[in-house]
Amino acid sequence: MRTWFRQWRQHREIRIAEPTFSAEQCRELAELFTLLERAPSEPASEPAEDTKALAEAATSLWRAQRKLTQAGRSAENRQTGRYLRTCAEALAAAGLVVQEHDGTTFNAGRALDVLVYQDDPVVTEETIVETVRPSVYYHDRQIQRGEVIVARPIADESTKVSDGYA
């Protein structure tokens, strides 16, 4: 009744006629609905163990790349670096993205785990000085939270606001 009234409110030119099905079509639809009810439901997302394994593989690749850049510029290291870069590009093409956070500003609302806060007189705002474990995203969904070390400015006694008490 509701659907009829909704159509009746519309202009005559844009009203949709009620569908008419033959007895054969009604029987086929009933069979399809029965099959759909019996079919096992598909999981909404990938199993957690699969994404965990992807995150571990991506983290290991990221660590190998970092070690290699620290090791030096020998011919063997350059070749190994190319292999690792090609592997990272293939994973990125498949939807797996590894995000390093070194040097970026830190806000409390970011999806990161802070392992240590360090006082640093050089910085003017909270800054991530080291990524211990990168954030990993699979098809724009975070599957691993990054772990970082954050440097924060040292609070100067002259800039503190006095509360009026001695």
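Quick notes on this one:
- Residue count for the stretch 106-125, restricted to those that are open to solvent by less than 60 Å² (accessible area, probe 1.4 Å) and more than 15 Å from the chain's Cα centre (by Cα): 4
- Selection from the stretch 46-64 of residues that are modelled with pLDDT of 85 or more and either open to solvent by 60 Å² or more (accessible area, probe 1.4 Å) or not in a helix (DSSP H, G or I) (or both): LYS52, GLU56, SER60, ARG63
For (1) in a helix (DSSP H, G or I); (2) open to solvent by less than 90 Å² (accessible area, probe 1.4 Å); (3) modelled with pLDDT of 85 or more; (4) in contact with a Phe, Trp or Tyr (Cβ under 9 Å, 6 or more places away or on another chain), each residue gets a yes or a no:
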site	(1), (2), (3), (4)
ARG66	yes, yes, yes, no
ARG78	yes, no, no, no
CYS87	yes, yes, yes, no
ALA90	yes, yes, yes, no
VAL97	no, yes, yes, yes
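- Residue count, the stretch 135-144 (criterion: assigned to a loop (DSSP other than H, G, I, E, B) and either hydroxyl-bearing (Ser, Thr, Tyr) or closer than 13 Å to LEU54 by Cα (or both)): 1
The values are calculated or read from the model by the stated rules, or taken from the named source; none is laboratory data. Fair warning: this is a prediction, and the values are worked out from it, not measured in the lab. Here the Cβ is made from the backbone with ideal geometry for all residues, glycine too, and neighbour counts use every protein chain on show. We work out accessible area using only protein heavy atoms, side chains counted, and drop any ligands, DNA or RNA first. Shrake-Rupley method; radii C 1.70, N 1.55, O 1.52, S 1.80 Å.
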